[in-house]
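Okay, so here's the structure we're looking at.
What follows draws every value from the coordinates through simple rules; no lab data is involved. Remember, it's a predicted structure, so these values are computed and weren't measured experimentally. Cβ coordinates were reconstructed from backbone atoms using ideal geometry, including for glycine residues, and neighbour counts include every protein chain displayed.
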Amino acid sequence: MAARRRAADFPHLIRDRDAKFTAAFDAVLAGEGITVTKIPPRSPNGTPHAERFIRSARQECTDRVLIFDRGHAEKVLHDYARHFNAHRPHQGRNQLAPLDDPNVIPLPAARIERRQAVAGLINEYRRAD
């Protein structure tokens, strides 16, 4: 049900050629209007961005928290994804977060505010208003 509500946000799915992805899997996604594209055969680096995010989420988040139930896991991972995209610096983007505008040069802040994120595992810092 939750995936159906968000299906409109994802018009494409790029996946590997693992045997666990059957024709029925692709048919369900096609029924929701999602185009499924398979990565080329024998391309182990075909999904590096997804694998990097999963590794980061495991090392920085789920390996350090005792998850109680599915709802708790979804909240923790949602918080981490928000942090990953909005605040966490990325080397490939010259230490900018994915949602940062590269054309904006931030001015030095007079006061910095700290906010705990992802169940208190990560601290985010921003300019205090």
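Kindly provide the helix-only [θ] at 222 nm of the chain, computed as the sum of -39,500 (n - 2.57) over DSSP H runs of four or more divided by all residues, to the nearest 500 deg cm²/dmol?
Dividing the helical sum by the residues of the chain leaves -10500 deg cm²/dmol.
Which of these, VAL76, VAL28, VAL118, has the largest mean-square fluctuation under a Gaussian network model of the chain (Cα springs below 10 Å)?
Residue with maximal mean-square fluctuation among VAL76, VAL28, VAL118: VAL28.
Per 5 Å bin, what percent of the C-alpha pairs of the chain does each bin hold, from zero upward?
With a bin width of 5 Å, the distribution comes to 2, 8, 13, 16, 17, 17, 13, 7, 4, 2, 1, 0.
Using a 10 angstrom Cβ neighbour count of at most 16 plus a DSSP loop assignment to flag exposed trypsin sites (Lys or Arg not before Pro), which longest range of the chain is free of such sites?
43-110
Based on the Cβ-Cβ distance from ARG15 to ARG55, what FRET efficiency comes out when R0 is 25 Å, to the nearest 0.05?
On the way: r = 18 Å, r/R0 = 0.72.
With a Förster radius of 25 Å, E is 0.85.
Under the rule that an exposed site lies in a DSSP loop and has at most 16 other Cβ atoms within 10 Å, name the longest stretch of the chain with no chymotrypsin sites (Phe, Trp or Tyr not before Pro) of that kind, not counting the sites themselves.
Between the exposed loop sites, the longest stretch runs 69-129.
With labels modelled as points extended 7 Å from the Cα through the Cβ direction, what inter-label distance (nm, one decimal) is found for ARG70 paired with ILE34?
Here the modelled spin labels are 1.6 nm apart.
Against the longest principal axis of the chain, how steep is helix 70-86, in degrees 0 to 90 to the nearest 10, with axes from Cα atoms?
Helix 70-86 sits roughly 60 degrees off the main axis of the chain.
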